[in-house]
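> One structure coming up, written as structure tokens, with questions to follow.
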Amino acid sequence: MKSLHNPTIPWNKGKIVGQKSPLKLSEIWSIRIRLQLFQRSRELALFNLAIDSKLRACDLVKIRIQDLCHGDHVANRAAVLQQKTKRPVQFEITAPTRESIAKWIGVAALRTGDFLFPSRRHDSPHISTRQYARIVKKWIIDIGLDPSAYGTHSMRRTKPTLIYRRTKNLRAVQLLLGHTKLESTVRYLGIEVDDALELAEQTDV
């Protein structure tokens, strides 16, 4: 019997690929308010931390309580070693995010050494990147956006994009994302190369 899978057909045929769109401020609040109204404390903590931390999915799902908390209190800032680059990246934890994390820790009765987002499956100690992707897809669909244009990387891109649009400070965004090269930040933000070079030269003056 022949396999139904045709190896000559590209995996991405009929799919939209490429850089995922960041969320707009109004879309952030639409998702956040829905999660608050439906009292989805785990997802609210996950959403808020994803926006604040700007971490890749593989790093976000592995966050432990001890990475964010000093004793019983959620810290104002945290540092996480990135799996991809093996370099630490620091981020601010805003008040709403601290509040949602603290509430989730209480609801789930989590302890210091626990993962912040434990899996409900027995074969994994924390949610997988695939589970996280499904959760993000539901958020996007719930507020009426096209899920093919957004993904987990949208969460990582959102805050840097908002900061760049407000400040035009490429160096600051580079630091926030933990990029070693400015060119990586330029590609990440989807800025025209000529515009980026001009801005970088102005920053150096």
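> Filter the range 94-118 for residues that are touching a strand residue (DSSP E or B) at 6+ places or on another chain (Cβ under 6 Å) and hydrophobic (A, V, I, L, M, F, W, C) and give the result.
Selection gives 101, 102, 115.
> Moving on. On the given criteria, is residue 54 under 13 Å from the mean Cα position of the chain (by Cα) and either within 16 Å of residue 132 (Cβ to Cβ) or surrounded by 13 or more Cβ atoms within 10 Å (Cβ to Cβ) (or both)?
Judged against the criteria, residue 54 is a match.
> How about the range 105-130: which of its residues are free of Cβ contacts under 8 Å to residues at least 40 places away in the same chain, in a helix (DSSP H, G or I) and in contact with a Ser or Thr (Cβ under 9 Å, 6 or more places away or on another chain)?
106
> Take the residues of the range 158-192 that are more than 17 Å from residue 23 (Cα to Cα) and among the β-branched types (Val, Ile, Thr): which is surrounded by the most Cβ atoms within 10 Å (Cβ to Cβ)?
Among those that are more than 17 Å from residue 23 (Cα to Cα) and among the β-branched types (Val, Ile, Thr), it is 185.
> Within the range 79-86, is even one residue over 15 Å from residue 21 (Cβ atoms), buried (at least 16 other Cβ atoms within 10 Å of the Cβ) and at pLDDT below 90?
no
> Would you point out which residue out of 118, 96 is at pLDDT 95 or above, surrounded by fewer than 18 Cβ atoms within 10 Å (Cβ to Cβ) and within 19 Å of residue 29 (Cα to Cα)?
Of the residues listed, the single one that is at pLDDT 95 or above, surrounded by fewer than 18 Cβ atoms within 10 Å (Cβ to Cβ) and within 19 Å of residue 29 (Cα to Cα) is 96.
> When residues of the range 76-104 are filtered for being more than 15 Å from the chain's Cα centre (by Cα), in a loop (DSSP other than H, G, I, E, B) and in contact (Cβ under 8 Å) with a residue 12 or more places away in the chain, how many remain?
Selection size over the range 76-104: 3.
The values are calculated or read from the model by the stated rules, or taken from the named source; none is laboratory data. The structure displayed is predicted, hence computed values, not measured ones. FYI the Cβ positions are ideal-geometry reconstructions off the backbone, even for glycines, and counts take in every protein chain you see.
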